[in-house]
Amino acid sequence: MIVAVVLSAGESSRMGRPKALLPIEDETFLERIVKALKRAGVGKIVVVIGHNAEEMRSQVDHLPVKILVNHQYKLGQLSSLHVAIRHILSDPDCDGILVHLVDHPYINATLVSQMIEAFYASGKLIVRPRYQGKRGHPVILSRKLFTELLNAPIEQGAKAVVNAHAADTLEIDSDEGVTIDIDTPDEYSQHVKAK
């Protein structure tokens with residue numbers, strides 16, 4: 001089983017409001033992401049929140065997800081991944097995690113299914129999508145990497161582990177959505193309101 005982990009703990013300081021709750025086609029970024037993961041057949045979804053955790057929880061409590069709180073969210077994304085991995089470690093059925101960022105709303109259910117199939121068929125430790133050579137999200141990380149991720153330098157993030165296993169990575173060509181990262185009001189206007 002692959003467990004989806006959606007990282008949504010940051011302050012959204014450049015956006016000025018929580019990216020998880022930004023509207024996109026009559027739903028929020030987080031609702032859209034969770035729907036796509038469900039459509040792809042992902043059975044277990046973990047969402048890691050941090051900044052304004054109680055307020056955020058009240059806004060996302062209706063979703064079919066497990067909500068975890070990263071109290072050290074200011075340390076960056078890897079600290080949120082650590083919270084998720086520590087929670088998932090006790091589940092012997094988990095073969096890996098599909099990590100997605102809440103500021104990438106254009107997640108594709110078909111791609112997620114394809115990535116999960118490719119993960120099992122290839123035996124690779126990492127599966128990630130790319131668009132015109134640029135790497136995107138989500139990224140599948142094998143359970144075999146959990147210890148390495150937990151021990152990785154917090155300031156380097158998960159990239160240090162991912163880069164160390166380039167030879168054991170499968171990249172899947174996809175559409176532009178995998179690389180659209182919305183951090184600012186300008187990017188929001190460009191990618192969401194323009195669509």
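The values are calculated or read from the model by the stated rules, or taken from the named source; none is laboratory data. Being a predicted model, the structure only gives us computed values, none of them experimental. A quick note on method: Cβ atoms are made from the backbone with ideal geometry, for glycine too, and the neighbour counts reach across all protein chains shown. Surface areas here come from the heavy atoms of the whole protein model, side chains and all, with no ligands, DNA or RNA. Shrake-Rupley method; radii C 1.70, N 1.55, O 1.52, S 1.80 Å.
Residues in region 44-58 that are in contact with a strand residue (DSSP E or B) (Cβ under 8 Å, 6 or more places away or on another chain) and either farther than 15 Å from LEU30 by Cα or not aliphatic (A, V, I, L, M) (or both): LYS44, GLY50, ARG57.
Taking each residue of region 42-63 that is under 21 Å from SER79 (Cα atoms) and looking for partners that are assigned to a helix (DSSP H, G or I) and of a type in the set (Phe, Trp, Tyr) with beta-carbon atoms closer than 6 Å, six or more apart or interchain, yields GLY50/TYR73; HIS51/TYR73. Here is the figure for region 3-21: residues that are at pLDDT 90 or above and either among the small types (Gly, Ala, Ser) or part of a strand (DSSP E or B) (or both) total 9.
Taken over region 139-155, the criterion of being over 17 Å from the mean Cα position of the chain (by Cα) and of a type outside the set (Val, Ile, Thr) is satisfied by LYS144, GLU148, ASN151, ALA152, PRO153, GLU155.
Condition check: in contact with a strand residue (DSSP E or B) (Cβ under 9 Å, 6 or more places away or on another chain), without any contact (Cβ under 8 Å) to a residue 24 or more places away in the chain and of a type in the set (Asp, Glu). Does ASP26 satisfy that? Outline the logic, then answer.
Values: in contact with a strand residue (DSSP E or B) (Cβ under 9 Å, 6 or more places away or on another chain): no; without any contact (Cβ under 8 Å) to a residue 24 or more places away in the chain: yes; of a type in the set (Asp, Glu): yes.
Judged against the criteria, ASP26 is not a match.
Within region 127-137, can one find any residue that is without any contact (Cβ under 8 Å) to a residue 40 or more places away in the chain and in contact with a Leu (Cβ under 9 Å, 6 or more places away or on another chain)? Checking region 127-137: not a single residue is without any contact (Cβ under 8 Å) to a residue 40 or more places away in the chain and in contact with a Leu (Cβ under 9 Å, 6 or more places away or on another chain). Would region 115-138 turn up any residue that is out of contact with any Lys or Arg (no Cβ under 7 Å at 6 or more places or on another chain), closer than 17 Å to GLU31 by Cα and among the aliphatic types (A, V, I, L, M)? No. All conditions but one from (1) under 13 Å from the mean Cα position of the chain (by Cα); (2) free of Cβ contacts under 8 Å to residues at least 60 places away in the same chain apply to HIS87; the one that does not is (1). When region 173-191 is limited to residues that are open to solvent by less than 20 Å² (accessible area, probe 1.4 Å) and not in a loop (DSSP other than H, G, I, E, B), the one that is farthest from LEU111 (Cα to Cα) turns out to be TYR188.
Return a yes/no flag: does region 140-151 have any residue that is assigned to a helix (DSSP H, G or I) and under 16 Å from LEU101 (Cβ atoms).
Let us first name the residues in region 140-151 that are assigned to a helix (DSSP H, G or I), namely 143-151.
Add one more test, that the residue is under 16 Å from LEU101 (Cβ atoms), and what stays is 149.
Looking through region 140-151, at least one residue is assigned to a helix (DSSP H, G or I) and under 16 Å from LEU101 (Cβ atoms).
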